[in-house]
Amino acid sequence: MPSLEEPISPAPGAGARTSIESTTSESGVAPSKPPLTPATTEKHKQVLGLPIQDALTALHDATHFGICELESIWEQFSRRVVVGKRIDKATFMEEMGHAFGMADPDLLEHIFYACDETGDGTINFRHFVSCLSTIYRGNRDEIMDFWFRMYDTDRDGMLTLQEFEDMLNDVPSHVLAAKLAKQVEELGCFSGGTPENGLTYDDFQMLMDEEQVLPQFATPHQSAQSAQIEAYRDLAPPEREVLALLGKEVRLRLGEKLVTEGKASNYFYFVLEGEVKLLRNNIVLKVDGPGSFVGEAALFNDVKSVQKDGRVRFTTTASAASEQVVVVRMDIRDFYPLVLHEHLGAVAIMQRLGAAIMHRLNQMEDNLQHLLNTQDPTENTRMSRSDWDNIRKKLLHIWALRYHRIGRKGKLEISATKSVGDAAALSIAYSPGVAEPCVAIKADPAKVYDYTAKGHLVGVVTNGTAVLGLGNIGPLAAKPVMEGKAVLFKKFADIDAFDIELKQADPQKLVDTIVALEPTFGGINLEDIKAPECFFVEKECQRLMNIPVFHDDQHGTAIIAGAGLVNALELVNKNIEEVR
């Protein structure tokens with residue numbers, strides 16, 4: 001499975017995964033598995049009688065999932081098939097039910113009925129993924145049809161009184177259920193108690209439309225995790241999707257280990273219940289509770305320092321710290337493809353994991369002296385200052401590259417501030433409606449600040465000749481820094497900024513180019529232009545332009561130095577006139 005920068009190294013001697021459920025060691029290491037391709041194994045070559053990629057392409061057209069998501073779901077499904085290319089009800093309830101984001105066995109049983117289109121007690125991948133697609137991302141009609149099929153267990157196209165009552169019992173509103181029951185009674189759908197007098201789909205749809213019930217019916221699927229499991233409350237829906245689709249719920253007793261110090265792991269974990277203790281050299285670094293990710297160092301296997309005896313020098317022990325701990329186990333080899341294909345939930349989780357390991361590094365920095373002075377003098381558990389600095393540098397290097405690469409590349413995007421959801425709105429945002437502000441601005445140029453974003457836009461301009469501590473690296477290599485400055489404008493001042501990297505070393509031509517940009521921006525921020533040319537560029541731009549021009553490296557430095565001096569004088573209770 002590819003990584004984001006360099007390949008993740010499998011555990012030494014690991015072979016291909018062949019069983020439905022892999023054998024794992026105490027440290028959570030599973031055998032290496034190849035990426036999903038038509039040539040992987042015979043089991044993965046065929047599904048529903050078609051080559052796997054052809055079948056996934058067909059399902060991509062028929063569902064709301066992307067190809068990469070379908071590949072990951074197929075990986076999970078194919079490990080659990082028990083009858084041909086199908087899974088039975090017991091396997092569904094025990095192994096796959098979590099994918100639907102709920103733990104209610106009655107509700108899961110009805111979902112299985114809806115998936116089991118043939119009525120033989122088994123479902124294939126198409127049945128499974130189609131239902132999953134409807135539950136997570138289906139439109140109104142799809143969800144309506146799905147709920148009807150969930151409770152039409154005899155598949156006669158009508159709901160009996162018992163089937164309808166079962167449905168009402170699963171709707172999370174007694175008032176709503178009572179109203180619907182009264183409506184049905186008024187319709188007389190069940191009078192006489194004969195099958196012919198059941199509730200048809202048209203009657204069902206009419207009731208749902210009249211009472212606007214669909215959002216209530218969708219609630220168990222869309223908010224089950226946040227409503228039933230406190231740990232999920234801080235996760236966005238796309239993140240919950242990833243955990244539900246790819247995760248495996250694992251229960252631990254006090255003292256059981258998720259990750260063992262000195263051993264590699266291909267898993268990271270999300271804590272649902274209980275507490276997990278993190279230790280290094282028997283020193284407790286932190287105790288994490290529900291809603292936390294642990295084992296995040298698994299994402300950085302490719303940069304860990306491995307000793308001659310095979311021990312991984314940086315792996316930290318994670319063990320259950322309460323009587324019962326429930327976690328969701330995620331395999332990085334299933335997770336990475338979603339990240340690489342810019343799945344919103346996977347990208348968000350990846351950023352959480354990166355932030356977690358950087359935070360963990362800071363914690364270990366605070367405890368470094370304790371670690372260095374540990375009573376255990378063996379080479380395998382000691383960490384020297386140089387070891388620590390090397391690992392920190394490697395992890396920072398790889399995470400900085402991955403941070404900028406995951407999801408939508410870079411750090412910036414443009415979003416509309418006005419509604420453009422239909423043709424009418426577009427006709428105002430663009431032609432013919434856009435002509436009106438154009439005419440107004442031509443008549444009165446000051447109106448540009450009323451009708452456009454000019455007053456809220458800053459151009460961050462550089463030629464890359466003096467970038468941070470990197471020197472003259474050129475405009476292209478300076479782009480990440482300029483994007484970062486634009487992000488700072490947005491984060492701390494809510495001002496939109498565009499990074500502009502100019503391939504121009506001549507100071508006068510650089511000035512001419514910047515001045516020509518004046519109609520676009522409300523201000524210019526000059527950045528990382530080498531001295532002494534930067535002083536000339538700044539003065540000329542200020543002289544020729546009618547918008548503010550700020551030289552970050554000159555004015556910004558002066559402001560910070562001045563603020564530091566003023567605060568220092570206040571601390572020592574002195575006046576600036578009295579100091580030298």
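The values are calculated or read from the model by the stated rules, or taken from the named source; none is laboratory data. Keep in mind that what you see is a predicted model, and the values were worked out from it rather than measured. Glycine gets a Cβ as well: all are built from the backbone with ideal geometry, and neighbour counts include every protein chain shown.
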Quiz item: Of all the residues that make up the stretch 267-291, how many are in contact with a strand residue (DSSP E or B) (Cβ under 6 Å, 6 or more places away or on another chain) and touching a residue at least 60 places away in the same chain (Cβ under 8 Å)?
Solution: 8
Quiz prompt | Failed condition for Val420, given (1) modelled with pLDDT of 90 or more; (2) under 31 Å from the mean Cα position of the chain (by Cα); (3) over 29 Å from Cys534 (Cβ atoms); (4) not small (Gly, Ala, Ser) | solution = (1)
Self-check item: Selected residue [touching a Lys or Arg at 6+ places or on another chain (Cβ under 9 Å) and under 22 Å from Gly464 (Cα atoms)] from Glu540, Glu501
Solution: Glu501
Quiz item: For Gln53, are the conditions met, namely being part of a helix (DSSP H, G or I), touching a Pro at 6+ places or on another chain (Cβ under 6 Å) and more than 22 Å from Arg240 (Cα to Cα)?
Solution: yes
Practice problem: Please indicate, with yes or no, whether at least one residue in the stretch 210-232 is on the phi < 0 side of the Ramachandran plot, surrounded by 14 or more Cβ atoms within 10 Å (Cβ to Cβ), assigned to a helix (DSSP H, G or I) and at pLDDT 80 or above. | Solution: yes
Quiz prompt | Failed condition for Val287, given (1) surrounded by fewer than 17 Cβ atoms within 10 Å (Cβ to Cβ); (2) assigned to a helix (DSSP H, G or I); (3) of a type in the set (Val, Ile, Thr) | solution = (2)
Quiz prompt | Index of the failed condition, Gln162 passing every other in (1) more than 23 Å from Leu207 (Cβ to Cβ); (2) of a type outside the set (A, V, I, L, M); (3) modelled with pLDDT under 80 | solution = (1)
Quiz item: Mind checking which pairs have a first residue in the stretch 425-452 that is over 16 Å from Thr520 (Cβ atoms) and a second that is surrounded by 11 or more Cβ atoms within 10 Å (Cβ to Cβ) and among the charged types (D, E, K, R), Cβ under 7 Å, 6 or more apart or different chains?
Solution: Ala440/Lys447
Exercise. Inspect the stretch 492-511 for any residue being in a helix (DSSP H, G or I) and at pLDDT below 95 and give the result as yes or no.
Key: yes
Quiz item: Restricting attention to the stretch 24-42, does a residue exist that is at pLDDT 80 or above and aliphatic (A, V, I, L, M)?
Solution: no
Quiz item: Which of the following residues is at pLDDT 65 or above and more than 30 Å from Tyr451 (Cα to Cα): Leu372, Leu353?
Solution: Leu353
Quiz item: What tally of residues in the stretch 338-354 results from selecting those that are in a helix (DSSP H, G or I) and under 20 Å from Tyr136 (Cα atoms)?
Solution: 8
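Consider Val487 carefully, then state whether it is part of a helix (DSSP H, G or I) and in the same structural domain as Val420 (by TED's automatic domain parsing).
No.
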Quiz item: Of all residues in the stretch 393-424, how many are among the basic types (Lys, Arg) and touching a residue at least 60 places away in the same chain (Cβ under 8 Å)?
Solution: 5
Self-check item: Count - residues of the stretch 68-87 that are in contact (Cβ under 8 Å) with a residue 60 or more places away in the chain and in a helix (DSSP H, G or I)
Solution: 7
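Mind counting the residues in the stretch 435-469 that are among the small types (Gly, Ala, Ser), under 25 Å from Cys541 (Cβ atoms) and part of a loop (DSSP other than H, G, I, E, B)? Step through it out loud before you land on a result.
Applying the first criterion (among the small types (Gly, Ala, Ser)) to the stretch 435-469 yields 435, 440, 443, 446, 453, 455, 459, 464, 466, 469.
Now restrict to residues that are under 25 Å from Cys541 (Cβ atoms): 446, 453, 455, 459, 464, 466.
Filter once more, keeping what is part of a loop (DSSP other than H, G, I, E, B): 453, 464, 466.
Total satisfying the criteria: 3.
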Quiz item: In this structure, does Ser427 turn out to be at pLDDT below 95 and in a helix (DSSP H, G or I)?
Solution: yes
Practice problem: Select from the stretch 512-534 the residues that are among the hydrophobic types (A, V, I, L, M, F, W, C) and not in a helix (DSSP H, G or I) and write down the one among them that is farthest from Met545 (Cα to Cα). | Solution: Ala531
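Restricting to the stretch 95-153, give me the number of residues that are part of a helix (DSSP H, G or I) and more than 21 Å from Glu239 (Cα to Cα).
As a first pass, look at the stretch 95-153 and keep what is part of a helix (DSSP H, G or I): 95-100, 105-115, 125-137, 140-151.
Subset that is more than 21 Å from Glu239 (Cα to Cα): 105-115, 125-127, 140-151.
Count: 26.
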Self-check item: Hey, Asp553 in contact with a strand residue (DSSP E or B) (Cβ under 7 Å, 6 or more places away or on another chain) and either in contact (Cβ under 8 Å) with a residue 60 or more places away in the chain or closer than 30 Å to Ala416 by Cα (or both) or not
Solution: no
Quiz item: Take the residues of the stretch 313-327 that are surrounded by fewer than 22 Cβ atoms within 10 Å (Cβ to Cβ) and not in a loop (DSSP other than H, G, I, E, B): which is farthest from the chain's Cα centre (by Cα)?
Solution: Gln324
